[in-house]
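What follows is a set of notes on a single structure, which appears directly below.
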Amino acid sequence: MAFKVKKSIVMVGMMGAGKTAVGQALAARLSVPFLDSDEEIVRAANMTIAEIFERDGEQFFRDRETEVIGRLLDGECAILSTGGGAFMADRNREMISERGVSVLLRADIELLWNRVRHKDTRPLLRTRDPKATLREIYDVRVPVYEKADLAVDAHPDYSIAQMTDAVIDVLRTRPDVLEETTG
């Protein structure tokens, strides 16, 4: 089955939810570009996100993040993966809803912890008790993530392909975003 993407699809959710992996697979299936707002910021700054946080602070990073997301949404239709904190800002949620559609990849705390605990690339988890920090972030962010236009539940036994299928299924409920074509 072939599809025409009419609006950019923005993957939102916690770190470790699968925004990048599922987003890349979704982009390949829908034949549109995959974009990652964090990668765009890193490329523009020529620094890692952790270095940006350390040198310029989180607010500076969040302002650049909003600029980058806006620029990417103004381009051709794509799958856009955002950093875990991007959707927390009202301005970003409004912009995403106006110019695209947000898809929450909903995952429970244990699944997220299993995916992020061995990585040191998460600046917000560089604490004495990273699991407790993850739980604190989760508790704050999940109610805001629930404001996403669409949501798909992640399961520990799902493959990336299965998650991608689930995302396509939920996108098919939005003909303003995804249209089936004859090929």
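Only the coordinates and a few stated rules stand behind these numbers; no lab work does. Please read these numbers as outputs of a predicted model, since none were measured by experiment. Note: ideal-geometry Cβ built from the backbone for every residue, glycine included; neighbour counts use all protein chains shown.
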Fill in the blank from the handout: Neighbour-count ranking for ASP165, ASP176, ASP153 (other C-beta within 10 angstrom, fewest to most) reads ASP176, ASP153, ASP165
Exercise for the section: Return the label of the correct value of Kirkwood radius over Cα pairs in Å, as calculated from the structure shown, out of [x] 18.0; [y] 17.2; [z] 16.7. Expected result: [z]
Handout entry: Cβ-based exposure ranking for ASP149, ASP139, in which fewest neighbours within 10 Å come first
Key = ASP139, ASP149
Practice task
Determine the distance separating the Cα centre of the range 124-154 from the Cα centre of the range 37-113; give it in Å without decimals.
Solution key: 15
Practice task
Normalising by the residue count of the range 75-183, find the relative contact order in percent from Cα pairs under 8 Å and 6+ residues apart.
Solution key: 32
Exercise for the section: Please identify, among GLY75, GLY23, GLY13, the residue showing maximal mean-square fluctuation in a Gaussian network model of the chain using a 10 angstrom Cα cutoff. Expected result: GLY75
Problem - Net charge contributed by nearby residues that have their C-beta within less than 11 Å of VAL142 (K/R +1, D/E -1) - result: +1
Fill in the blank from the handout: Tilt, helix 130-145 to longest principal axis of the chain (alpha-carbon atoms), in degrees rounded to tens, equals 40
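Compute the relative contact order of the range 7-172 as a whole-number percentage, counting only Cα pairs closer than 8 Å that sit 6 or more residues apart in sequence.
Once divided by the residue count of the range 7-172, the mean separation gives 35 percent.
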Handout entry: Charge sum, other residues only, whose C-beta stays under 11 Å from ASP56's C-beta, Lys/Arg counted +1 and Asp/Glu -1
Key = -1
Completion exercise
CD proxy, 222 nm, the chain: helix-only mean residue ellipticity via -39,500 (n - 2.57) per DSSP H run with n ≥ 4, per residue, nearest 500, stands at -15000 deg cm²/dmol
Practice task
Give the residues of the range 4-31 whose amide nitrogen is closer than 19 Å to a point set 7 Å from the Cα of ARG117 in the direction of its Cβ.
Solution key: 14-18
Practice task
Just flag the trypsin sites (Lys or Arg not before Pro) in the range 19-106 sitting in loop per DSSP whose Cβ has no more than 16 other Cβ atoms within 10 Å.
Solution key: none
Exercise for the section: Rank VAL68, ALA78, GLY23 by how far each Cα sits towards the positive end of the charge dipole of the chain (+1 on Lys, Arg Cβ; -1 on Asp, Glu Cβ) and give me just the farthest. Expected result: GLY23
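How do THR48, THR173 rank when sorted from fewest to most other Cβ atoms within 10 Å of their own Cβ?
Lowest to highest Cβ neighbour count: THR173, THR48.
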Practice task
Work out the length of the dipole vector of the chain about its Cα centre, built from +1 on the beta-carbon of each Lys and Arg and -1 on the beta-carbon of each Asp and Glu, and round it to the nearest 20 debye.
Solution key: 180
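Would you mind finding the longest exposed-site-free stretch of the chain, with exposed GluC sites (Glu not before Pro) meaning DSSP loop and at most 13 other Cβ atoms within 10 Å?
1-75
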Handout entry: Label-point gap, in nm, between ARG128 and ALA28 - each point 7 angstrom along Cα→Cβ
Key = 4.4
